[in-house]
There are 4 protein chains.
Amino acid sequence: MNFCSDNVTGAAPEILAAIGEANAGSLPAYGDDALTLRVLGRIAEVFERDADVFLVATGTAANALSLSVMTPPYGAVFCHPDAHIECDECGAPEFFTGGAKLVHLPSNDGKVHADALRTALDAPDHGVHHVQSAAVSLTQASEAGTVYSPDEIAGITDLAHARGLKVHMDGARFANALVSLGCSPAEATWKAGIDILCFGASKNGALAAEAVVIFDKALAETFAYRRKRAGHLFSKMRFLAAQFDAYLNDGLWLHLAEHANAMAERLADGLAAVPGATFRHPVQANEIFVELPEPVIRGLEAGGFQFYRWPGDGAKLLRLVTAFNTNEADVDAFVDTALRHAVKK
Amino acid sequence: MNFCSDNVTGAAPEILAAIGEANAGSLPAYGDDALTLRVLGRIAEVFERDADVFLVATGTAANALSLSVMTPPYGAVFCHPDAHIECDECGAPEFFTGGAKLVHLPSNDGKVHADALRTALDAPDHGVHHVQSAAVSLTQASEAGTVYSPDEIAGITDLAHARGLKVHMDGARFANALVSLGCSPAEATWKAGIDILCFGASKNGALAAEAVVIFDKALAETFAYRRKRAGHLFSKMRFLAAQFDAYLNDGLWLHLAEHANAMAERLADGLAAVPGATFRHPVQANEIFVELPEPVIRGLEAGGFQFYRWPGDGAKLLRLVTAFNTNEADVDAFVDTALRHAVKK
Amino acid sequence: MNFCSDNVTGAAPEILAAIGEANAGSLPAYGDDALTLRVLGRIAEVFERDADVFLVATGTAANALSLSVMTPPYGAVFCHPDAHIECDECGAPEFFTGGAKLVHLPSNDGKVHADALRTALDAPDHGVHHVQSAAVSLTQASEAGTVYSPDEIAGITDLAHARGLKVHMDGARFANALVSLGCSPAEATWKAGIDILCFGASKNGALAAEAVVIFDKALAETFAYRRKRAGHLFSKMRFLAAQFDAYLNDGLWLHLAEHANAMAERLADGLAAVPGATFRHPVQANEIFVELPEPVIRGLEAGGFQFYRWPGDGAKLLRLVTAFNTNEADVDAFVDTALRHAVKK
Amino acid sequence: MNFCSDNVTGAAPEILAAIGEANAGSLPAYGDDALTLRVLGRIAEVFERDADVFLVATGTAANALSLSVMTPPYGAVFCHPDAHIECDECGAPEFFTGGAKLVHLPSNDGKVHADALRTALDAPDHGVHHVQSAAVSLTQASEAGTVYSPDEIAGITDLAHARGLKVHMDGARFANALVSLGCSPAEATWKAGIDILCFGASKNGALAAEAVVIFDKALAETFAYRRKRAGHLFSKMRFLAAQFDAYLNDGLWLHLAEHANAMAERLADGLAAVPGATFRHPVQANEIFVELPEPVIRGLEAGGFQFYRWPGDGAKLLRLVTAFNTNEADVDAFVDTALRHAVKK
């Protein structure tokens, strides 16, 4: 009954099993094994593109390494002020880029908007005195649980590319966004102009596995060196590759995300009936931001449910996250408890 | 029949099983779970010391993060020229420290020697013009397969501490060194003056797990932030912790290392009978550096054995590494093949 | 008739002369000469404090080096969004600190306010996931031409110190602020809680000279190494020292700033009579931000006056900066021209 | 009577005068003034090449910025172990490059040799595990006072370029080397394959001025941003430009170097007559490395002469440096004193 995040879970059984199967035999280290090479190819196939793919174990590594090949040390990366790269990585982008600056493009829906980017890019040029615009980072699904449509993405990437910027997508919840959109992985990424996708698996059933998918191959040239010197090249790479192998088998990754999203929808639908419930954002993936009356929140806490009271707003705003293995019964129990405490009032 | 390295292996079954067992249930992320906290305590207990312990997944991360808390950006780290931190981490120490310099202390046996360190420290002071001596890094077992005795370590750490330097031990093969020494983990580390040990498991049966054991607790203050911003804080930390849990159970880590060392000894003993075989270094852990006649080497290669011809010396020098799961029959076959081709000559 | 900035000027004759006088003879390099040592002492005396003083040639170097001893690479520095360190140093603070983040505390008057700082510091703690609050940077006089009172400063530094933060003052226009305040250098700095002052001379009559005055001596420990490795240690330090020597002689620095401020006041008083003139900020030092009717601006431009149309606001906002050598006749001509074009309308 | 270094001097009168002349009037800041633009062109003309030129104030800044555009953070820069960038810049190259590694190519004459470079480049490739060869740095004149011939330079640059490396020349004493060679500036640099020259003036009569002359213009693209964020862009750039203006007028820079070299030759010739004097290196520019009997050294010290006893070798090795303003009488007095004390023995 833990709705804190989609990283409080263990791993999907299929992925765990794949690790066991990958254990046999001596294999070349550092990713030169056949399993890894095959899996890199599979990932590129999923995106219908001859992309360069690199495996790492954490989302922070995937994001920061990606940004490091998109921006010089004196560059600026535009992002939403709530972006994971800005708020939750303890300065990893600055570390990996050698000091680039993250510049905020605020909005109410957790997404970067093309018009805000245009305003920022149209600001007077200060020449050498100011950091140079280099990249835009989008989070899909966003930290607000909202999802960019391919058209929204294209609106941003067209502008960015026209001005010489590259576009990064933090896809820690890419699977959740994709099943919400119902389009193809290619349509949601490079066909809409994305240059690098951080294709997350850790939050959707893997133990620890992220794939950096580089569509703009020129950006891949230095990646391998940067990964190594950051300590993110695994000697027994087979164990990262095996996770992705299972993740892609028979659409497992999509099924897991579909389940998580369905649970979020079920939870949101149920909570909509609670008097005083106000949703901060539309529920488009597997995150819900909902304001509930304090007695309801207390009732849920007393009932043993775990979740975050989101900072600000008198802590009446909750973030509820569902995962690949969220139990339907737990969702229903959550709703029932909420309704019960609302009624009491 | 792969003697290339101890990272071409999979994982020990006990460690793999522990990962499966750790999968159940929702747990706090980022290491706040009970399993991780318990395992950190167990590691400290193994070293009989109230140490601060941090888990990461790669040796490069462990080493570079450790050095980053020991040296300022304008510092110097003394090490053997063949040290992994110098040769095999693509500049990770420089990256994590913000530009510190690795200064070579050469020797013939792969080890740093106290007298070489003294000479370096006694060199005239160039004040602000030169990087400042900050740390010494020892590899145990060394890249030459040799092992520092506690007395040798103490000779170095006494000198280092007297001059205000900290001492790091790269223990990627710490277990192999320890069973070779036959002393306690404490005697081989902090009792001999080590400030931080990178306690490796990946090369000795884990999938990907290293523990940074900080004996000088003042060095631990900033470690958690540095680990996070380097992308090395795992959300599902349970899976790193589980590996160490199994590693320590019933002395598994020592048994695995004992086996690897025994196989190395068996292999070395066998090769000693090959005419023309010359050992470059005493075989003290699980690495053998042996010069063999070219026909013998070719015979081994033709026989399907995998190993590295070590750079330099006309490639007649081989490095042979045994592992926790090296097969006795493979060792014997290796020796037999070598002998057979030597006889022919 | 150039009102673009106080760095379009040459140097004060007294300072130029001092450079000539310092030319004679062979002297120890890198600041070990008697002149430099004497000047460092004089600067400390001006501040009535046993401070550690370091000379550099540019304000960016002074600021970035100062911040580098106040914040770890994973730290946050609070500043006004218009601060020079944020807008005009091409990421120097990020470079020198190894990637620290500048966090905005906006306001309408160009100054950081204690309540904004408190709100930021009271935000929920994200632990290791977020950069750690480390320092506050104030610009005195601010980029808006406004001046912090000692009480305002103390309000900020009390709060900062209570939370473990250090406080930096960018004093590129410190002299202008000080003569505006009418208090002592000590009262405007360490007595109000400032830990490091970048004591500017370049904008107030020097060729290129800034003194980093470190009141919190613990922050000085690593400064000399950082200055050297950033290429900011001059071999012929005498030429930086000589500038400060003359700067402090007979209160030259204060007289120069008094003149600049008086010219700003005269200019502001004159412009106040122009119909449609609106002052954005009170004129407290040597910078004026004034909105003027477009015909007036065009008339001034046609009249050969040089100044910046400030970005935003349809470019009707002008920044006018007076300097140590601004000509009274030029000021009067500026006002006359403005009035003439206003009358025409 | 100070032979410690060529940075213990003041400035040449012509250069000092030029600073005074540049003082008049208001000029655009940050190098957009006509004087600076003209001087940049003059420097390019001296080298008969459409080079990109950037002015900074210190040699460390010039060198480190140059290396930062030649090597990625995971790169290796080959240099002599005694190179200024390795020994005397407190890690500036590592700082500016984001952590590149300096790799030693030792020799007895202070110079990098092509065959040593070839051996290093022919070493087995470790792929992503090792830093990547990126640049070679030559010091002209070298730290041993020796001078590379154009042919020697070409031998190195041909090899470097064939392997994809760039070549940097630390020309802190470029003028001394050039007059020693008797060739043109172009022949000593880009015609021999140099990609970037740090063209020093500070050690040859300037107050503080160095020009980075970028012959390979692709390397210039990011230089301006890197200079700014390192705090090395001067607002009153006219004062750096004026120094170079005078430096180039009527061949002043060559005359100053000719004098320094002549004084070194005179000094060396005189000392050759001292019994027991042994020259470590041929005297080819303005530095002498000579071993003298201890009584002679003591006599010189007692006579008030200042110089360095060079580290190592029982401190009997002296480094003697002459400068643009070294007095012939002082040279003769030095020799006389040496002879007198030698005779006594």
Legend entry - Matching entry among B:His259, B:His341 (being open to solvent by 20 Å² or more (accessible area, probe 1.4 Å) and more than 27 Å from the chain's Cα centre (by Cα)): B:His341
Legend entry - Residues being closer than 23 Å to A:Thr71 by Cβ, facing chain B (nearest Cβ under 8 Å) and open to solvent by 10 Å² or more (accessible area, probe 1.4 Å) - total across the range D:70-96: 3
Legend entry - Filtered residue count, the range D:128-150, keeping only those that are part of a helix (DSSP H, G or I) and touching a residue at least 12 places away in the same chain (Cβ under 8 Å): 1
Inset, instruction - Can you confirm whether the range B:184-191 contains a residue that is open to solvent by less than 20 Å² (accessible area, probe 1.4 Å), among the hydroxyl-bearing types (Ser, Thr, Tyr) and not in a loop (DSSP other than H, G, I, E, B)? - result: no
Inset, instruction - Considering every residue within the range D:296-305, establish whether at least one is in a loop (DSSP other than H, G, I, E, B) and under 28 Å from B:Leu121 (Cβ atoms). - result: no
Legend entry - Top-ranked residue of the range D:194-226 - restricted to ones that are within 9 Å of chain C (Cβ to nearest Cβ) and of a type in the set (Lys, Arg), ranked as farthest from D:Lys166 (Cα to Cα): D:Lys203
Legend entry - Output for the range D:306-345, where each listed residue is within 29 Å of D:Asn108 (Cβ to Cβ) and either part of a strand (DSSP E or B) or among the polar types (S, T, N, Q) (or both): D:Gln306, D:Tyr308, D:Arg309, D:Leu317, D:Leu318, D:Arg319, D:Leu320, D:Val321, D:Thr322, D:Thr326
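Does the range C:176-196 hold any residues that are of a type outside the set (Phe, Trp, Tyr) and touching a residue at least 60 places away in the same chain (Cβ under 8 Å), and which are they? Break it down into steps so the answer makes sense when it comes.
We begin by selecting, within the range C:176-196, every residue of a type outside the set (Phe, Trp, Tyr); these are C:176-189, C:191-196.
C:Asn176, C:Ala177, C:Leu178, C:Val179, C:Ser180, C:Ser184, C:Pro185, C:Ala186, C:Thr189, C:Asp195, C:Ile196, listed by residue number.
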Inset, instruction - With respect to B:Leu67, determine if the residue is crowded, with 20+ Cβ neighbours inside 10 Å, touching a Ser or Thr at 6+ places or on another chain (Cβ under 6 Å) and in a helix (DSSP H, G or I). - result: yes
Inset, instruction - Return only the number of the condition from (1) buried (at least 22 other Cβ atoms within 10 Å of the Cβ); (2) within 29 Å of B:Ala18 (Cα to Cα); (3) within 8 Å of chain B (Cβ to nearest Cβ) that A:Ala18 does not satisfy. - result: (3)
Legend entry - Sole residue being farther than 30 Å from C:Asn325 by Cα and modelled with pLDDT under 95, chosen from C:His126, C:His104, C:His113, C:His161: C:His126
Legend entry - Residue satisfying condition, being hydrophobic (A, V, I, L, M, F, W, C), over 19 Å from C:Val213 (Cα atoms) and in contact with a helix residue (DSSP H, G or I) (Cβ under 8 Å, 6 or more places away or on another chain), within set C:Val179, C:Val147, C:Val167, C:Val136: C:Val147
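For D:Asp115, are the conditions met, namely being over 24 Å from D:Ser5 (Cβ atoms), more than 8 Å from every other protein chain (Cβ to nearest Cβ), over 17 Å from the mean Cα position of the chain (by Cα) and assigned to a loop (DSSP other than H, G, I, E, B)? Spell out the reasoning first.
On the way: over 24 Å from D:Ser5 (Cβ atoms): yes; more than 8 Å from every other protein chain (Cβ to nearest Cβ): yes; over 17 Å from the mean Cα position of the chain (by Cα): yes; assigned to a loop (DSSP other than H, G, I, E, B): no.
When the stated conditions are applied, D:Asp115 does not pass them.
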Inset, instruction - Filter the range A:277-288 for residues that are open to solvent by less than 30 Å² (accessible area, probe 1.4 Å), assigned to a strand (DSSP E or B) and closer than 15 Å to A:Ala338 by Cβ and give the result. - result: A:Ile288
Legend entry - Odd one out for C:Val131, checked against (1) within 14 Å of another protein chain (Cβ to nearest Cβ); (2) open to solvent by less than 10 Å² (accessible area, probe 1.4 Å); (3) among the hydrophobic types (A, V, I, L, M, F, W, C): (2)
Inset, instruction - For the range A:145-155, state whether one or more residues are open to solvent by 30 Å² or more (accessible area, probe 1.4 Å) and in contact with a Lys or Arg (Cβ under 9 Å, 6 or more places away or on another chain). - result: yes
Inset, instruction - Please work out which one of (1) part of a loop (DSSP other than H, G, I, E, B); (2) open to solvent by less than 50 Å² (accessible area, probe 1.4 Å) is the condition B:Asp125 fails and give its number. - result: (2)
Legend entry - Candidate set: the range C:264-276, residues that are open to solvent by 10 Å² or more (accessible area, probe 1.4 Å) and touching a residue at least 40 places away in the same chain (Cβ under 8 Å); chosen: the one nearest to C:Ala323 (Cα to Cα): C:Arg266
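Scan the range B:213-258 for residues that are under 30 Å from B:Val283 (Cα atoms) and β-branched (Val, Ile, Thr) and jot them down. Don't jump to the end; show me each part of the working.
Here is the first cut: in the range B:213-258, the ones under 30 Å from B:Val283 (Cα atoms) are B:213-215, B:243-258.
Result: B:Val213, B:Ile214.
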Inset, instruction - Check the range B:314-331 and report whether any residue there is modelled with pLDDT under 95, under 20 Å from the mean Cα position of the chain (by Cα) and under 30 Å from B:Ala201 (Cβ atoms). - result: no
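From B:Pro28, B:Pro73, grab the single residue that is under 29 Å from C:Ala230 (Cα atoms) and in a loop (DSSP other than H, G, I, E, B). Explain how you work it out, then say what you get.
Working: B:Pro28 fails: under 29 Å from C:Ala230 (Cα atoms).
Every option except B:Pro73 fails the conditions.
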Legend entry - the range C:304-315, residues that are on the phi < 0 side of the Ramachandran plot and free of Cβ contacts under 8 Å to residues at least 40 places away in the same chain: C:Arg309, C:Trp310, C:Pro311
Inset, instruction - Tell me, please, whether a residue that is in contact (Cβ under 8 Å) with a residue 12 or more places away in the chain, within 14 Å of chain B (Cβ to nearest Cβ) and open to solvent by 10 Å² or more (accessible area, probe 1.4 Å) can be found in the range A:36-52. - result: no
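I'm trying to understand the selection: among the residues of the range C:289-305, which are over 26 Å from C:Gln140 (Cβ atoms), surrounded by 13 or more Cβ atoms within 10 Å (Cβ to Cβ) and of a type outside the set (D, E, K, R)? Let's see the steps before the verdict.
Step one: of the range C:289-305, the residues over 26 Å from C:Gln140 (Cβ atoms) are C:292-305.
Those left that are additionally surrounded by 13 or more Cβ atoms within 10 Å (Cβ to Cβ): C:292-297, C:299-301, C:303, C:305.
Within the range C:289-305, C:Leu292, C:Pro293, C:Pro295, C:Val296, C:Ile297, C:Gly299, C:Leu300, C:Gly303, C:Phe305 meet the criteria.
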Legend entry - Flag if B:Asn327 is surrounded by fewer than 20 Cβ atoms within 10 Å (Cβ to Cβ) and under 22 Å from A:Lys236 (Cα atoms): yes
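The values are calculated or read from the model by the stated rules, or taken from the named source; none is laboratory data. What you are looking at is a predicted structure, and each value in this text was computed from that prediction instead of being measured. Note that each Cβ is placed from the backbone with ideal geometry, even for glycine, and that neighbours are counted across all protein chains shown. The protein model used for the area step is the full one, side chains on, heavy atoms only, and it has no ligands, DNA or RNA in it. Shrake-Rupley method; radii C 1.70, N 1.55, O 1.52, S 1.80 Å.
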